[in-house]
1. Residues that are open to solvent by 40 Å² or more (accessible area, probe 1.4 Å) and out of contact with any Cys (no Cβ under 8 Å at 6 or more places or on another chain), at least 2 per element: which helices (runs of 4 or more DSSP H) completely within region 52-144 meet that?
2. Can you report the number of residues in region 8-51 which are in contact (Cβ under 8 Å) with a residue 12 or more places away in the chain and loosely packed, with under 10 Cβ neighbours inside 10 Å?
Amino acid sequence: QTLSDTAVYYYASNGKRYVFPNEKTYFTWYTDFNKVRVLTIEEMALVPIGGNVTYRPTSKLVKFQTDPKVYLPTQGGVIRWIKTEDIVAAWFGADWNTKVDDISEAFYVNYTFGEPIVSQYYVSLDVLASMARTVNENLGLGKP
């Protein structure tokens, strides 16, 4: 009997694999599946799971299905509530609401809540994005 797993993982520099919870999360990091390598179940069993991958910082806006607040993903799975629609529109444009992904409450534990964003000048999206250009950096493991 053959088991199959269609999940996609990130193999980090600490020797662990991190699960992409869904395609939406995956596509904040990659544009296609060209670098995905298929492993057997036996090979996969040799690599321990380290956790889940979170949204790439500043790539999208996110919210939880039962929470109306819109958050900005930042490094290490920290999400920050953006307090006003004006701030969101200044950063993401008038159509900002098309750039919001709902995150299932099942993945609530993957994120921590940082300081709310109270002004578009409070933080720089470019600086936040540059702090985690790879999944490895986002996990706090340095450059791969």
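1. 85-92, 125-130
2. Summing the residues that are in contact (Cβ under 8 Å) with a residue 12 or more places away in the chain and loosely packed, with under 10 Cβ neighbours inside 10 Å in region 8-51 gives 1.
The values are calculated or read from the model by the stated rules, or taken from the named source; none is laboratory data. Please read these numbers as outputs of a predicted model, since none were measured by experiment. Glycine also receives a Cβ, built like all others from the backbone with ideal geometry; neighbour counts cover every protein chain displayed. SASA here: full protein model, heavy atoms, side chains in, ligands and nucleic acids out. Shrake-Rupley method; radii C 1.70, N 1.55, O 1.52, S 1.80 Å.
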